[in-house]
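**Student:** My structure is below; once you've seen it, I'll send some questions.
Every number here is computed from the coordinates shown, using simple stated rules; none is lab data. This one's a predicted model, so the numbers in the text were calculated from it and none came from an experiment. Neighbour counts run over all protein chains shown; Cβ positions are idealised from the backbone, glycine included.
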Number of protein chains: 2
Amino acid sequence: MTVKKQFYTFLICTLLTLVSCQEKKEIKAVKTGSHPNLILTTKSVSEIKANLGNTPILDKTLKKTIAEVDAALEKGIDVPMPEDMAGGYTHTQHKLNYANMQKAGVLFQLLDDEKYAIFVRDMLLEYAKIFPTFNTHPEPRSYATGKFFWQCLNDSNWLTYTSQAYDCIYSWLPKEQTDYLNKNLFRPYADFLSVENPKYFNRVHNHSTWGNVAVGMIGLVMGDDELINRALYGLDKSNVDLTEKDNDGGFIYDKDGKAGFLANVDSPFSPDGFYTEGPYYQRYAMYPFLIFAAALQNKKPALKIFEYKNGVLIKAVDALLNLTDADGEFFPLNDGQKGMSYFTPSLVSAVNIAYYYGKQDARLLSVAKKQGSVQLDATGLKVAIALKNGEEKPFIKQSMQLSDGSKGDEGGIGILRYNHKDETMALVYKYAAQGLSHGHYDKLSFSMYENGEEVLQDYGLSRFVNVAQKNGGGYLKENKTYAKHTIAHNTITQNETSHFNYDFEAGSKNHPEKYVFNVADENFQMVSAKEKNAYPGTEMHRTFIMIKDESLAKPFIVDICKVASEQKNQYDLPFHYFGQIISTSFKYEVPKTLSILGQKHGYNHIWKEGSGTANAESIQFTWLDNRKFYSLTAATNKNDEIILARIGANDPEFNLRKDPSIIIRKKNTQNTVYASIIESHGTYNPVKEVAHNAYSNFKNIKVLSDDANYTAVKLQFKNGKEKTIILANLEHSKDKKHTINIHNKNYNWVGAYYYK
Amino acid sequence: MTVKKQFYTFLICTLLTLVSCQEKKEIKAVKTGSHPNLILTTKSVSEIKANLGNTPILDKTLKKTIAEVDAALEKGIDVPMPEDMAGGYTHTQHKLNYANMQKAGVLFQLLDDEKYAIFVRDMLLEYAKIFPTFNTHPEPRSYATGKFFWQCLNDSNWLTYTSQAYDCIYSWLPKEQTDYLNKNLFRPYADFLSVENPKYFNRVHNHSTWGNVAVGMIGLVMGDDELINRALYGLDKSNVDLTEKDNDGGFIYDKDGKAGFLANVDSPFSPDGFYTEGPYYQRYAMYPFLIFAAALQNKKPALKIFEYKNGVLIKAVDALLNLTDADGEFFPLNDGQKGMSYFTPSLVSAVNIAYYYGKQDARLLSVAKKQGSVQLDATGLKVAIALKNGEEKPFIKQSMQLSDGSKGDEGGIGILRYNHKDETMALVYKYAAQGLSHGHYDKLSFSMYENGEEVLQDYGLSRFVNVAQKNGGGYLKENKTYAKHTIAHNTITQNETSHFNYDFEAGSKNHPEKYVFNVADENFQMVSAKEKNAYPGTEMHRTFIMIKDESLAKPFIVDICKVASEQKNQYDLPFHYFGQIISTSFKYEVPKTLSILGQKHGYNHIWKEGSGTANAESIQFTWLDNRKFYSLTAATNKNDEIILARIGANDPEFNLRKDPSIIIRKKNTQNTVYASIIESHGTYNPVKEVAHNAYSNFKNIKVLSDDANYTAVKLQFKNGKEKTIILANLEHSKDKKHTINIHNKNYNWVGAYYYK
């Protein structure tokens, strides 16, 4: 099954005999010529060497790298014929190979030990040998089947990393051998990933970014301008069908027909550096974006790539670091696997490159310090020296908004944060655009975090990445039947139908509108947005306010969601909590047998564990999770149904997590306001067996009035305090002076909200 | 509702006027007389003072104690009239009061600052004032309703701690005041807890231990020999009904009619120091056992209490520390709340006392170091000095057996452990006796741990201790309807009926028999036991072997459970795992609606999420939990039913955790062998997105033969290796030489098992 290392015996009968046998004897240090000049440069190599033993984090990284690569050398070269899907043996081995080659190339440069160059060379020759012997990977599951991997995407990973290894040994190799490899492996591989797979290469998508970069990187190494231009500007775009879709359900081609690396910088990044697919894929894409940018800066400085689109690539690193919880784990917006964090190597690279090519933001150093390693190049050296000099500043994540859309006018993400000593809270509000093929149907949804723990979750994706037993490590069908649906998120589903009727084209044409983002007062931070297209004829306007009241230890969240429709509907607003129910103010029944909540759009995956009627103007729901007490206090109509739900129905492979939620259902309702308070108010210590502040601080929340112009709610604290919030709902008047009368009381204020 | 501090104004009209008004003016240091002599002594006070500033852990503890008590002084005295259940305001305040008084007493002695003495005195006078004004606590929910608390148990806590505070100020108080307090508060309180509540005081139970100790401690302080004898030997035992039960369902009286402190040492402790109720209650009882023992050693050294029953009290501390996982959390055998650990203050006390009065076991010091605090007395001082001198040794938990029963002949607990660098595994096998009223019906059950995480769980208790919303913090009814039942544990349930038909009296009369405990070979550790009474006419013989094979990174567990019955039955063996199913070798169906698994004995709380037929001689089940891959490989008959189950049915208050299990069901079967392999074989890293060793190392496990004399199983590794295990089943021959033939192959060995 695998092609074992039989290089010298097999190659006797080939054209290469002479070259390779000479090579075997003549391996002397001959690092001549201009290479490396891609990521490492001859200059940076000298500088790093001069600092070896003197920059702890770089020395530590180098030591670890040596151990890894030496272990690989010990094992020997293994270039198997492609066979397996993700997670399988051949897939994993080819991944290991490019990672080890890239590192070995660096070690050759930094340590001047030819064993590393030989390792890279011999492996490349193995690849060159088998490359022409087959067409494509035997598993045709992708819209763009690869060579050594089941999809071109992974082959592009290979070429992006391997280009760096190749650059490191390029000057050391005899010209006959570079000519041979260029002609028999690299140029055909680059052509395969581009001209032979235009649907893969010519998109605006993280896949194509990898493809563009792979072709561009090898082009830079080989000095092949045709490839470089192809990478930057894409293939010819005539004669394409703009409605064609890939196997994720995404459009193949950009709506404006753009393609190439620059288009991939232009289009998915907003001016704030938010990547429309979401943080998980931004994390994945940052490596090719930045490593190619660094290479371009080294070899094509006239392009001024880091200034492109107002320096969006550097901004993107800052945005991405801000899209993490207290543990550095990315918010799983859209398709995102939980647990992925800025400790991933691509973020080590990103942080180093952003520090070096940006404005040496000292906060990045503290992230690098946590990461504990650096990129072995000029950028990592600079970070290592700065860290050695103690220049780092804490990276304190502040409240911020990140616009979405190429021009920044397609909604966005609003993050409200609270930082107090070691305690942090974050509310993440998503009013972003569709997010290409990895987008979820969750307009105006939110999630909430405390100290790195999820309190109210976004389900994330349904996939066990690289766990072969679970659909070869690929997306599970429950991603489409549950995780992407509206009900899997903390936002409103109308008539048990997902936003845009789960139609990708409709979703891609529309986006919510940001209404207000105001965090000037750290004790009253507000973010508000409107969605008018998810359900034709229905408008949703949702506002989150993070309030720190001096009488309470932690801030609480007020969530006001105004719904106005041309007709009567059923509205469901779920809160996806974790842990165990401690108490409810409402009565409910639990069924003797469990049935599904609905027939489609994710409802078919939800068990109805209990339900009751609000029977009051406000309900309260307290739960215990992670040794903390949380409460939801929500204004209700007396006949609102309260559903206690749990994921897990119609899940024959047990792919879904059996997580719970509480759903507030308003039936046969036209216009309404959901108004809720969400609190983290207490703790449980199982060693002391003490429950501290196990009860909500609130008596209730009431909707005082609601019309097109204003929505007013009143909060009643248990300590007797009362607060009124009035929101001005109309764009044209939100900054104006307001005077209104509610229940015979006059309210006067200027701006989007009243709070007293 | 609360009685505020109005001492001087209100007492003017009482007999005490003169004394108290004099007191107010005359508070000069008058620490005369022999007190303290209970826990602190005049000698140890001098020694501690001489070391202040010189023993870091003691200094740190003292500093923390000062901060806590000063904060309490700042708040002022609050002695409310009793009103609330556990977790409620008055309950919590009275708990705070005794804790603060005890600490204030110590601070008065160590710091010579009279403000602490005044605080204790004034609070005691408040208690003395309201004590006679009411009969009992207004909530009559206990079989022994208390005074300031809803149950005598908490009042005994109060008196045990307060005795220490009282002792610290006894010599400082004018005789008139001690006479007053003795007569009006302490003696009547001691009588209330004993003669007025014989059903509470005169038992063998952790409750009574607290009661005995409370009465004994205050007796020692007052020099009241009648109380001391009452504490040590109990009340008169004539005229009691030995079949009477408390509100936990436990017997009120010991079967031999024993009572008093010494009986409570004698009866529930095995000679190895295992406490029959289980670790959670042992932890709770260790404080009164040891604090009273220390007091007796100080005041009645002739009793030689620490040598009583071969020094069982010191052994008990070692046993208890060994009944913890890698994080120091107690195994939740019987009623046990998860998360309780040796970081609880009662274990700080226990470790210090065991170090001082035992043989200065240096391993205890490393536990004390982790605990980070010491008891502020001679024992804590000794620990602090030893720690300062760096004398600690690691407390490495080894495989061990702990006998159960007063004489050590009523079964026990077997723990198999694996320690390798930072990796630990523990298998906890329970073949212990009923365990009094807190016992569960789980003969021959087991649980499994890895690095402090539960892999296969014991459900523990169903209770949210001190969470008022959940039944006042008390036991939930699901404790009796689910948690105590057999099906809630990893052991066999016959005919959907719990062991002993869930009959406490039958359970209490019987216990399993230990068969083999052999850990001489660390690569082949074995524990085996038999149960013949749980189901009349059915014998169960279960053996666990922890095998470390040189070809595998971690040990695996072989679980062989032989069942022989006089008739055909249905047998269910569940494995209560956590996390998500990754793959199954068997086909199964998931229902469209969920129904309960059975009608009673915990089955009514379980949803049947899926079921299939083994349809093979061996099944395999792989799951992912805590980023680790685990597999169960089990020998099956082709028509065995495999049930995928989840807790949660008939749970109207959502009191139960919705945890999953896999159940192997054998229907219409008389004699059978369950043989399984349990492995922790792989890891998942969500940052690297790498699944390492995601597949089991085993092909299958087969039962080769089974009869009354021998049971033989064969393990097939995926690496081609095969191993045969033969167990000698009969007591009389287990140490003998064996020669048998299975499928035409001869096996010869000596001892209880063959493995090759």
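**Student:** Taking a threshold of 24 Å on the Cα-Cα distance, which of the pairs A:K699/A:K734; B:K103/B:K370; B:K370/B:K393 fall above it?
**Tutor:** Listed pairs above 24 Å: A:K699/A:K734.
**Student:** Please give every one of the aspartates and glutamates within straight-line cross-link reach of A:K608, meaning a C-alpha to C-alpha distance under 19 Å, and leave out same-chain neighbours fewer than 8 residues apart.
**Tutor:** List returned: A:E478, A:E496, A:D572, A:E589, A:D640, A:E641, A:D651, A:D659, B:E609, B:D651, B:E653, B:D659.
**Student:** Moving to a separate point now. Residue-wise, which Karplus ³J(HN,Hα) couplings in Hz belong to the range A:297-314, taking 6.51 cos²θ - 1.76 cosθ + 1.60, θ = phi - 60°, and x for glycine or proline?
**Tutor:** Rounded to whole hertz, the list is 5, 6, 9, 10, x, 4, 5, 6, 4, 6, 9, 4, 6, 6, x, 5, 5, 6.
**Student:** Mind pulling the angle between the C-alpha long axis of helix B:56-75 and the longest principal axis of chain B? Nearest 10 degrees, somewhere in 0 to 90.
**Tutor:** 60
**Student:** Follow-up. Could you give me the percent of Cα pairs per 5 Å distance bin for the range A:268-397, shortest bin first, beginning at zero and ending with the bin that holds the maximum distance?
**Tutor:** Cα pair-distance distribution for the range A:268-397, in percent: 2, 11, 23, 25, 21, 13, 5, 1.
**Student:** Longer than 22 Å from Cα to Cα, which of B:K338/B:K477; A:K554/A:K714; A:K477/A:K530 are they? Say none if no pair is.
**Tutor:** Beyond 22 Å between Cα atoms: A:K477/A:K530.
**Student:** How long are the three semi-axes of the equivalent ellipsoid for the range B:159-202, computed from the Cα gyration tensor as the root of 5 times each eigenvalue, in whole Å, largest first?
**Tutor:** 24, 12, 5
**Student:** Quote the Stokes-Einstein diffusion coefficient, in whole µm² s⁻¹, for the range A:1-233, based on the Kirkwood radius over alpha carbon pairs, a temperature of 4 °C and a viscosity of 1.567 mPa s.
**Tutor:** Using the Kirkwood radius from Cα pairs, D works out to 71 µm²/s.
**Student:** Turning to a different aspect of this structure: Report the relative contact order of the range A:1-233, percent, no decimals, based on alpha-carbon pairs under 8 angstrom and at least 6 residues apart.
**Tutor:** Normalised by residue count, the contact order of the range A:1-233 is 21 percent.
**Student:** On to the next question. Viscosity 0.890 mPa s, temperature 25 °C: what is the translational diffusion coefficient of the range A:655-712 from Stokes-Einstein with a Kirkwood Rh over Cα pairs, rounded to a whole number of µm²/s?
**Tutor:** Result for D is 156 µm²/s.
**Student:** Also, quick follow-up: Taking Rh as the Kirkwood radius, which is the inverse of the mean 1/r over Cα pairs, what is the Rg/Rh value for chain B?
**Tutor:** Looking at chain B, the ratio lands at 1.02.
**Student:** Return the FRET efficiency for the residue pair B:A50, B:M81: r is the Cβ-Cβ distance, R0 is 35 Å, and the value is rounded to the nearest 0.05.
**Tutor:** About 0.20, to the nearest 0.05.
**Student:** Still on this structure: Which pairs break 29 Å Cα to Cα here: A:K397/A:K514; B:K258/B:K300; A:K300/A:K382; A:K245/B:K658; A:K688/A:K723; A:K721/B:K63?
**Tutor:** Result: A:K245/B:K658; A:K688/A:K723; A:K721/B:K63 exceed 29 Å.
**Student:** With Kirkwood's inverse mean 1/r over C-alpha pairs for Rh, give me the Rg to Rh ratio of the range A:284-356, two decimals please.
**Tutor:** Taking Rg over the Kirkwood Rh, I get 1.01.
**Student:** Per residue of B:682-693, how many C-beta atoms from partner chains lie within 10 Å of its own C-beta, taken as a mean?
**Tutor:** Mean number of neighbouring Cβ atoms from other chains: 5.
**Student:** Sort B:I396, A:I385 by Cβ crowding within 10 Å, fewest neighbours at the top.
**Tutor:** Working: B:I396 10, A:I385 16.
By the 10 Å Cβ count, ascending: B:I396, A:I385.
**Student:** Right, next: To one decimal place, what Kirkwood hydrodynamic radius in Å is obtained for the range A:67-189 from all pairs of distinct Cα atoms?
**Tutor:** When all Cα pairs of the range A:67-189 are included, the Kirkwood radius is 14.6 Å.
**Student:** Name the residues of the range A:608-647 whose amide N is less than 13 Å from a point 7 angstrom out from the Cα of A:S595 along the C-beta direction?
**Tutor:** A:608-611
**Student:** Find, to one decimal place in angstroms, the Kirkwood hydrodynamic radius of the range A:532-582, where the mean of 1/r is taken over every pair of different Cα atoms and then inverted.
**Tutor:** Averaging 1/r across every pair of different Cα atoms and inverting gives 14.0 Å.
**Student:** Calculate, axis by axis, the spread of Cα positions in the range B:555-618 along the three principal axes, and write the results as whole Å, longest axis first.
**Tutor:** Cα spread of the range B:555-618 along its principal axes, largest to smallest: 36, 32, 24 Å.
**Student:** Next question. Given the DSSP H assignment, sum -39500 (n - 2.57) over each helix run of at least 4 residues in chain B and divide by its residue total; what's the result at 222 nm in deg cm²/dmol, nearest 500?
**Tutor:** That calculation yields -9500 deg cm²/dmol at 222 nm.
**Student:** Hey, what does the equivalent ellipsoid look like for the range B:594-634, semi-axes from the Cα gyration tensor as sqrt of 5 times each eigenvalue, largest first, whole Å?
**Tutor:** Result for the range B:594-634: semi-axes of 25, 17, 9 Å.
**Student:** In a solvent-free Debye calculation with one equal scatterer on each Cα, what is log10 I(q)/I(0) for the range B:356-448 at q = 0.13, 0.21, 0.26 Å⁻¹, listed in the order of the q values?
**Tutor:** The Debye formula, applied to the Cα set alone, gives -0.67, -0.97, -1.13.
**Student:** List the distances, in nm to one decimal, from the label point of B:T724 to the label points of the same position in every other copy, shortest first, placing each label point 7 Å from Cα along the Cα-to-Cβ direction.
**Tutor:** Distances to the matching label points in the other copies: 8.8 nm.
**Student:** Here's a follow-up. Among A:F343, A:F517, A:F289, which comes first, second and so on when ranked by fewest other beta-carbon atoms within 10 Å?
**Tutor:** Values: A:F343 17, A:F517 20, A:F289 28.
Arranged by neighbour count, lowest to highest, A:F343, A:F517, A:F289 become A:F343, A:F517, A:F289.
**Student:** Return the long-range amide H neighbours of B:T324 (sequence gap of 5 or more, or a different chain), with a cut-off of under 5 Å between placed amide H atoms.
**Tutor:** B:F331
**Student:** Taking the Cα-to-Cβ direction at B:N639 and at B:T42 and moving 7 Å from each Cα, how far apart do the two end points lie in nm?
**Tutor:** Label-label distance for B:N639 and B:T42, simple model: 8.4 nm.
**Student:** Tell me the angle of helix A:42-51 to the major Cα principal axis of chain A, expressed in degrees between 0 and 90 and rounded to the nearest ten.
**Tutor:** Roughly 70 degrees, rounded to the nearest 10.
**Student:** Using only Cα atoms, tell me the angle between helix A:114-130 and the longest principal axis of chain A; keep it within 0 to 90° and round to the nearest 10.
**Tutor:** 80
**Student:** For the range A:35-88 and the range A:293-307, what is the separation of their C-alpha centers, rounded to whole Å?
**Tutor:** If we compute the Cα centre of each part, the gap is 24 Å.
**Student:** Given 4 °C and 1.567 mPa s, compute D for the protein assembly as shown with the Stokes-Einstein relation, Rh being the Kirkwood radius over Cα pairs; round to the nearest whole µm²/s.
**Tutor:** 36
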